[in-house]
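Engineer: I have a structure here, written as structure tokens, and I will follow up with some questions on it.
The values are calculated or read from the model by the stated rules, or taken from the named source; none is laboratory data. Bear in mind that the values here come from a model prediction, so they are computed numbers and not experimental data. A quick note on method: Cβ atoms are made from the backbone with ideal geometry, for glycine too, and the neighbour counts reach across all protein chains shown. Side chains are part of the model used for accessible areas, which takes the heavy atoms of the whole protein and leaves out ligands, DNA and RNA. Shrake-Rupley method; radii C 1.70, N 1.55, O 1.52, S 1.80 Å.
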Amino acid sequence: MVPGLLAALTWVLAVQAGQPAVAGTIRDGESGAPLSGAVVTLTDDDREVVTDTGGRYRLDATLAGPQHLSVKRIGYEPRTVHAIIPGDGVLQLDLSLHPVPLRLPTIVVHSVVAIRGLENTEPPDVLDRSISAAALRNHPLLAEPDGFLALSGGSVSAAPEAPEGVHLHGGAADHTAYLLDGIPVFSPYHAAGTFSAWNPDALEQVQVQSATPSLAAPDALAGAVAGTTRVPGREVRTYGALSTSHARLTVDGPLGAAGAGFLLSVRSGFPGVVTPEHDPSYLQGRTGDLLAKVEAPALHGRLRVLLYDSGNRLDAAATAESLDGVTDPRRNGFEWDSRSAGVSWTRSLAGGNLVHVQAWNARGEAEAEWGPTSRLALEADREDQGLLATVERARGDRLTGIGVRVQRSRTSYRVSPRDGAEIGPSLGSRIPIASLLARHREPLAGTLSADLALSATAAAGDVYLGPQAELRWSPTRALSVAGSYTHAHQFAQSLRNPESVSGGIFPADLFIGTGAPGVPVASSDRMMVGGELRPLPGVRLGAQTFLSRFDGVLLVAPATGRPFATDGFAGGRGTAKGVSVEAALSGRWYGALASWGLQDVREIYGASSYAPGHGTSHLLELGLIVFPSPTASVHMGFTGALGRRGTGVLGAFEWESCNLLDQGCEFAGSPTQDARNPGGTRLPDYFRLDIGARKHWHLGIAGRDVELGLFGTLTNLFGRRNVLAVATDPSTGARSLVEMRPFAPLVVGLDWRF
């Protein structure tokens, strides 16, 4: 048997030795490098093989004689040669391919739509809220991107139609601080068409900081809204837009070859650009903001310099009626400016240590002239200089940090009639503030972790302790639960009357600091409990409840009916409690948001109390954005506010919100509020439905991909006559409703990026 097997094996080897074949190496025709992945085919014999990492191939043939051998590889010109396959043995055939640019068909990649609440943050935003630049552009309730309004929903709110501040967990507008790259900014609001004075194209992220402890937390009773500017790219990028409300332009890019970069942003609003001529009831003026940032490597770290400027000039008719058939030429004027400059340096050290040093100068100024007959002039100013130095050490989930923060704050406030005689308050203060800061985050048993912070602040002749604590429990990757407690102090408060309807065109904070007569150090205690559930990819459900108490707060509304304090102010306290739920959904073709908030807010002075205008009982928001194609989107947003309160308006008053169909914004009259009964008017429920669309195209210009888009939104689609206030004629006692949107306004524009 063995001799038979040996004979068979000898016959097989002999056959194989004589089987015809072709083999060789495929190389790049320019570099000579072997090409792997090339497909080599004997087309007449239906044989095919792929070259290995050395560019080698071998094809066994069944037919001898002339055959066609083809070689193909992506990025190279295909090649076909004639080969004569021998009757036995191997034909050695080496070939080279020449590189040829290959234009592939367009491939459309659909990522999940960026929607607020579904962005991955570490740790998760259970109690606080953030939104990225991508989610900001996709926000379905906004006709145009706005970093402040995009945060609204649930326990974060802003007045509809004419916002005058961001309210966190029932706090007043001046209880919210604003930070841009960690630099304080005062009164970053516009009016008459745009709200946030931060160009959305210049932002990388906007977030609420009210629960999670931080070494950089400012002095604010309700928390802070913090914006992070975009990191300059490795090539010059341009973003811009032109709409019926404003124009904006943002450019960023590298500076030299050493890792430096710049960001420049400018924006201008024009509420009166299309107003009818010779009609004094229309609002006139301009708004604008500028942001410039330069960053570069320095001292083995990263140095950043930021400059910010915002300016607003608006004027409106002082009366809403003609006098003896002749229109009264007098106008109420409002001006407010905000300027901040800061420099920061950050360096990472060995062992997970991070050093951060920051210095700033921030200033806010406001002026106003008010009154139909007895003209009042307001001048208010605040300027802060500060320095913050922190050292943090992170190891895994553990973090420990210490810091020091020193600040000098100067404020002044003066109201006088036009003849120069004093009336009302003339106040000023200069106060140094110094704080020692400490923070520690530590994992506890299982999936429980604690984040603690403590500040000790020396100011106004005393030391104030500010403890913060947050407990977080994540039993699964899909579920997180957190609770927090914060005790905060505030050393300056605003003397603007938040119950005055004039806040819709004059939202500036008129700060006066502790140390001025009658101005105490305000304090707050805030407790929050919340949780979020992400049962499936692209699905988030959240719920939250809060309880806030405020002491030592200044209340202007019970003392005067004018837009700002003229007859002093009242000292008081406040309470706020509420619950909110929200949901976010996202897929390849859609994104959706839903939120509902229930709150009870009270301002208390002496034996009296009232519900402020920002204390709306029920807030409802629903939004949907759909992408029927990769270059088109349709969005729809519904807003509802139930249980609204207001302070009655005395005197003639005319108001219409900014819109294209009505050719601008109207605000005529010098309305005063009923100081005897603040918050005493129940306003009808508010509902609004908006729908809009955007379409963009990609154009190849000078080797760059240019994206050009057109957008438009119809707000208040059903033309609902929502109510801003109830006005009473002092002479007749007749009451009339001041409606917010008597028409369905249209917002249109174009945007671009390249």
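Engineer: Can you find, among SER609, GLY29, ALA172, the residue sitting farthest towards the positive end of the charge dipole of the chain, where Lys and Arg contribute +1 and Asp and Glu -1 at Cβ?
Structural biologist: The Cα lying farthest towards the positive end belongs to GLY29.
Engineer: Now for a separate question. Along the charge dipole of the chain, Cβ charges K/R +1 and D/E -1, which of MET527, ALA133, LEU689 sits furthest on the positive end?
Structural biologist: Of MET527, ALA133, LEU689, it is MET527.
Engineer: In terms of the Cα gyration tensor, with a ≥ b ≥ c the square roots of its eigenvalues, is segment 43-83 rounded because a/c is under 1.5, prolate because a/b exceeds b/c, or oblate?
Structural biologist: oblate
Engineer: Using alpha carbons only, how many degrees (0 to 90, rounded to 10) separate the axis of helix 2-17 from the longest principal axis of the chain?
Structural biologist: 70
Engineer: Which whole-Hz couplings ³J(HN,Hα) result when phi for each residue of segment 498-504 is put into the Karplus expression 6.51 cos²θ - 1.76 cosθ + 1.60, θ = phi - 60°, listed in order with x for Gly and Pro?
Structural biologist: These are the phi-based 3J(HN,Hα) values: x, 8, 7, 5, 5, x, x Hz.
Engineer: Okay, moving on. Hey, what do the phi angles of segment 195-210 turn into as Karplus ³J(HN,Hα) couplings, whole Hz, using 6.51/-1.76/1.60 and θ = phi - 60°, x for Gly and Pro?
Structural biologist: 10, 4, 8, 10, 4, x, 6, 8, 9, 8, 6, 10, 9, 8, 10, 9
Engineer: For TYR189, enumerate residues with amide H under 5 Å from its amide H, sequence gap 5+ or separate chain, H modeled in the peptide plane.
Structural biologist: Sorted by chain and number, the residues that satisfy this are ALA197.
Engineer: Also: Please list, in order along segment 127-134, the HN-Hα scalar couplings obtained from phi with the Karplus expression 6.51 cos²θ - 1.76 cosθ + 1.60 (θ = phi - 60°), rounded to whole Hz, x for Gly and Pro.
Structural biologist: Running phi through 6.51 cos²θ - 1.76 cosθ + 1.60 with θ = phi - 60° gives 9, 8, 9, 9, 8, 8, 4, 5 Hz.
Engineer: Charges only on Cβ, +1 for Lys and Arg, -1 for Asp and Glu: so what's the dipole of segment 554-643 about the Cα centre, in debye to the nearest 20?
Structural biologist: On the way: 5 positive and 5 negative charges, 13 e Å.
Using only the charged Cβ atoms, the result is roughly 60 debye.
Engineer: How far apart, in nm, are the 7 Å Cα→Cβ label points at LEU299 and ARG313?
Structural biologist: Label at LEU299, label at ARG313, 4.0 nm between them.
Engineer: Of the DSSP beta bridges with both residues in the chain, give the percent that are antiparallel, rounding to the nearest 5.
Structural biologist: For the chain, the DSSP antiparallel bridge percentage is about 95.
Engineer: Nearest 20 debye, what's the magnitude of the dipole of the chain about its Cα centre given +1 on Lys and Arg Cβ and -1 on Asp and Glu Cβ?
Structural biologist: Using only the charged Cβ atoms, the result is roughly 1260 debye.
Engineer: Between [x] 15, 43, 24, 10, 7, 2, 0; [y] 16, 48, 31, 4, 0; [z] 16, 44, 34, 6, 0, which entry matches P(r) over Cα pairs in 20 Å bins from 0, in percent as derived from the coordinates of this structure?
Structural biologist: For P(r) over Cα pairs in 20 Å bins from 0, in percent, the calculated option is [x].
Engineer: Now for a separate question. Which of LEU354, GLY311, ALA292 sits closest to the plus end of the dipole of segment 278-378, meaning its Cα is farthest towards the positive end, when Lys and Arg get +1 and Asp and Glu get -1 on the C-beta?
Structural biologist: Of LEU354, GLY311, ALA292, it is LEU354.
Engineer: Between rounded, prolate and oblate, where does segment 576-707 land on the alpha carbon gyration tensor, with a ≥ b ≥ c its root eigenvalues, rounded for a/c under 1.5, else prolate if a/b exceeds b/c?
Structural biologist: Working: a/c = 3.38, a/b = 1.76, b/c = 1.92.
Oblate.
Engineer: Ordering CYS665, CYS658 by accessible area with a probe of 1.4 Å, largest first, what comes out?
Structural biologist: Values: CYS665 5, CYS658 45 Å².
Sorted by accessible area, descending: CYS658, CYS665.
Engineer: I would also like to ask the following. So for the pair ASP397, LEU63, with labels modelled 7 Å out along Cα→Cβ, what separation do we get in nm?
Structural biologist: It is 6.9 nm.
Engineer: Let me ask something additional. Return the loop-located GluC sites (Glu not before Pro) in segment 392-490 (DSSP other than H, G, I, E, B) with at most 12 other Cβ atoms within 10 Å of their own Cβ; answer none if there are none.
Structural biologist: Here the sparse-neighbourhood loop sites are GLU422.
Engineer: Counting only heavy atoms of protein chains, what accessible area per residue, in Å², does the chain have with a probe of 1.4 Å?
Structural biologist: Per residue, the chain has an accessible area of 44 Å².
Engineer: How do LYS577, LYS293 stack up against each other in accessible area, from largest to smallest, with a 1.4 angstrom probe? Could the numbers behind the result be given before it?
Structural biologist: On the way: LYS577 110, LYS293 10 Å².
If we order LYS577, LYS293 from most to least accessible, we get LYS577, LYS293.
Engineer: Once label points are set 7 Å from the Cα along Cα→Cβ at both PHE718 and PHE687, what is their separation, rounded to one decimal in nm?
Structural biologist: Modelled inter-label distance: 0.4 nm.
Engineer: What does the C-alpha gyration tensor say about the overall shape of segment 156-247? Classify as rounded when a/c is under 1.5, otherwise prolate if a/b is larger than b/c, or oblate.
Structural biologist: Details: a/c = 2.69, a/b = 1.24, b/c = 2.17.
Taking the square roots of the gyration eigenvalues as a ≥ b ≥ c, segment 156-247 is oblate.
Engineer: Moving on to the next point. For segment 448-471 and segment 644-714, write down the distance between their C-alpha centroids in whole Å.
Structural biologist: What the calculation gives is 40 Å, centre to centre.
Engineer: Let me ask another. If we count every other residue with Cβ under 12 angstrom of ALA594's Cβ, Lys/Arg +1 and Asp/Glu -1, where does the sum land?
Structural biologist: 0
Engineer: Also, quick follow-up: So if I place +1 on the C-beta of Lys and Arg and -1 on the C-beta of Asp and Glu, and nothing else carries charge, what would the dipole magnitude of segment 218-309 be about its Cα centre? I want it in debye, nearest 20.
Structural biologist: My answer is approximately 400 debye.
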